Structure formats: structure tokens, C-alpha cells
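Notes to accompany the following structure.
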Amino acid sequence: MTTGTPAPFTAADYKARMDRAARSAADAGLAGVLVAPGPDLVWLTGYHVPADTERLTVLVLAAGREPTLVVPTLEAPDAAAAPGADAMTLRDWTDGTDPYGVTAPLLETTGRFGVSDNAWAMHLLGLQRTLPDSSYVSLTEALPMLRAVKDAAELERLAAAGAAADATYEEIRRVPFAGRRENEIARELAHLLRQFGHSQVDFTVVGSGPNGANPHHEASDRIIEEGDMVVLDFGGLRHGYGSDTTRTVHVGEPTAEEQRVHDVVREAQTAACEAVRPGIACQDVDRVARKVITDAGYGQYFIHRTGHGIGVTTHEPPYMIEGEEQPLVPGMCFSVEPGIYLPGRFGVRVEDIVTVTEDGGRRLNATARDMAIVG
Ligand code: ZN
Ligand code: ZN
Ligand code: ZN
């Protein structure tokens, strides 16, 4: 497992990202980008707001202009300490003044702007009132690939996060499952992720028996029994980058049907990972996985997309889904996670993070994908 702390990103790294975002926005016909607190702001500036409150914080990016972060005065010292602070200008506004009046002069009056998906509606409406002739589009819609292609330093962090998730799986499969509650196993998963360097745990799914048939099940009081299939899906952030892996284990010896369903999912996952290479479309990855499952007769039980991007968040574009024609590009990172969910009975999912290389794909998770037998 990769250990140690990677060299922090510098103001120059953040400046390059901000420049790229402003250029991409101009190429997409936008007058600029408005970045609200959240993953886009973290990626562009390294700034984690102390709390995302009703007070306006927004980064304004436009080609040919100095990047400017509008912040509440009381948070200006935090913003000034952000790793990317030297690459942008700070403009603060105090309580009792109009934050949109501070922001509006930074924008063209009739432009179309990309806005972070998670921006507060009240802020967007406030800007709209101040600049009635401007218009707005969601950043994911306008620039879906903004954060999708990772550089070497980002890939190193994603690989280290994947290795930590792998170490977590190697440990958890050694613990007793039978007679214990899903919640207890989930707590151990979270503990292990932190032990292996995660600063944030995003999810610890423990779906035993029929609960495994619900892909959105997290964990419950259900007591795991001998004979249960158990879906384990866990991840979070390590040094600011995500992990997300799934293995499905079985308590004791599986039935022939359980083994068969697991074999089909594993075959689908392998085929989709092997299909990854530059130039194929995101939807092709989904199609490859889906074909294996459909050909085996379980198509109607594969009820979600095959994968999602990962970076400074654990779920982001690009999506491996029918209709997504975006071609794969070296440096993209995403999950490949087909599953079969038999309602009321059990579910199986196998998930690895894969990165696109010059001539194929490389998995960032390396633990055995067969159905481990646990006690
Ligand atoms: Zn069983
Ligand atoms: Zn997952
Ligand atoms: Zn996932």
C-alpha cells in the first residue's frame, strides 16, 4: 500500500486549473464560471469554506480576467490561507451590504455563465435580479469534463486511496460476520478506512441477504446469518481524493445459484474493465457489462448505470451510462460496478476504480474479485 503524504498542490497548480477552467468556459461560449463552495471550489482553489452558509462565497472565473473570490469578511482570513489564494484576488463583503452588488461588476452584464451545480438557489436568484440580462447554465451541463481528466499527481492520490480501500477489504474479510449486525461491520469498515489514511468516510454499505438486493441500502440492525450473501461497498477521501470499491462475500458455502450470479457479475466487470481504452464512448463500457449480464438472463436485474467518475468527490462525471457519448480520454478515472439484484433474496456487485491509460485501462483496486467465503 502506498503510504506517506503526497506533496501538497501549490498556488501554481491551482492557477493552472483556474486558467484551464476559464479557457474551457470561453471555448464553450460562456462569459465565465461562477463557482460555489463545494468540490469545484476545492479542486480549483484548495479552499474548503468553514461552513457553507447563506452568506455568499463565489469564485468568478472568466478568460482574460483575474480570478476573483468573493467572500464574507468574517471568512476572508480563511480564504486568504487557502493553498490557491496567491492565484486569485479576494473581494470581501460585510454583513449589511449587498454581496451581489460586489459580484456583479466582476461579470459581463449580458453573459451566459456556468454555475456550480450545488450553488444556493437564493444566490443565483440574487445575481439574476442584479444582472437581469445575464443567463446561467449548470456547470455539469456546460463543462462536464472540467475535472474528469486527472494529472499524474491526482492519479497518484487516487491510486493511494484505492490501495487503502483494498487494505480495508483484506482486513474486513477476516472478521466474523455470522451473528453480527450490518451496522457493526459498517463501523469496522469506517474504522479501517480511517486507519488506512482516509480523512473522510463517505459510505459503508453492508447489504446482507435481501438487503443486498437494494443498491442504495447502507447498513441496518439486521443480524447477518450463515448462508447470507453480503455486499460490501465502501469509500471516502484520502489526501483529498476518493476511493470506492465493492466486493460481495458469502457467509459459509454458497448455493450453486449464488455462485452462478456472482460468476456472471464478475465476468461482466472483467469484460467492461478490459474494454476500457481511449476513444471508446462512456456508454460502451456500460454496454459491454450489460451484454454479459443480459446474455446470462439477468438483464432486468441490473438496475443502475455501470459507473461514475471519481476525483475530489466519490461520485462525479463522467458517467458510464447509455446515452453518454463522451469518448474516454487518458487520465479519466471512474468506477466499473455492474450488479445483479434479486428482489427479496440477495444482490451481488463487484466494483473497481479504473483509470484510462494511453492504450487501455488500469485498475486502482487489486483485491481478489472472486466471492470470498467469510465466517
Ligand atoms: Zn447463501
Ligand atoms: Zn461503491
Ligand atoms: Zn461507485
For this session: Return only the number of the condition from (1) within 21 Å of Asp117 (Cβ to Cβ); (2) surrounded by fewer than 23 Cβ atoms within 10 Å (Cβ to Cβ) that Met332 does not satisfy.
Result: (2)
Problem set entry | Any helices (runs of 4 or more DSSP H) falling wholly within the stretch 1-82 and containing at least 2 residues that are closer than 26 Å to Leu193 by Cα | 39-45
Exercise. Quick check, is Ala159 away from ligand 3 (no atom under 16 Å from the Cβ) and either over 30 Å from Pro278 (Cβ atoms) or of a type outside the set (S, T, N, Q) (or both)?
Worked result: yes
Exercise. What is the one condition in (1) touching a strand residue (DSSP E or B) at 6+ places or on another chain (Cβ under 6 Å); (2) away from ligand 3 (no atom under 16 Å from the Cβ); (3) β-branched (Val, Ile, Thr) that Thr294 does not satisfy?
Worked result: (1)
Seminar exercise, completed: Of the conditions (1) crowded, with 18+ Cβ neighbours inside 10 Å; (2) in a loop (DSSP other than H, G, I, E, B); (3) within 16 Å of ligand 1 (Cβ to nearest atom), the single one that Gly344 does not satisfy is (1)
Exercise. Taking interchain pairs and intrachain pairs at least six residues apart, which have beta carbon atoms under 6 angstrom, with the first residue in the stretch 218-237 and over 29 Å from Arg157 (Cα atoms) and the second part of a strand (DSSP E or B) and more than 15 Å from ligand 1 (Cβ to nearest atom)?
Worked result: Asp221/Arg181; Ile223/Arg181
Seminar exercise, completed: Checking Gly323, Gly307, Gly279, Gly344 in turn, the sole residue that is within 15 Å of ligand 2 (Cβ to nearest atom) and small (Gly, Ala, Ser) turns out to be Gly307
Exercise. So, in the stretch 293-323, of the ones that are in contact (Cβ under 8 Å) with a residue 40 or more places away in the chain and part of a helix (DSSP H, G or I), which residue ends up surrounded by the fewest Cβ atoms within 10 Å (Cβ to Cβ)?
Worked result: Tyr301
Problem set entry | Count of residues meeting criterion [touching a strand residue (DSSP E or B) at 6+ places or on another chain (Cβ under 6 Å), acidic (Asp, Glu) and surrounded by fewer than 17 Cβ atoms within 10 Å (Cβ to Cβ)] in the stretch 84-129 | 1
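Values quoted throughout were computed directly from the atomic coordinates according to the rules given, and no laboratory measurement underlies them. All values reported here derive from a predicted model rather than from experimental measurement. We place every Cβ from the backbone using ideal geometry, glycine too, and count neighbours over all the protein chains shown.
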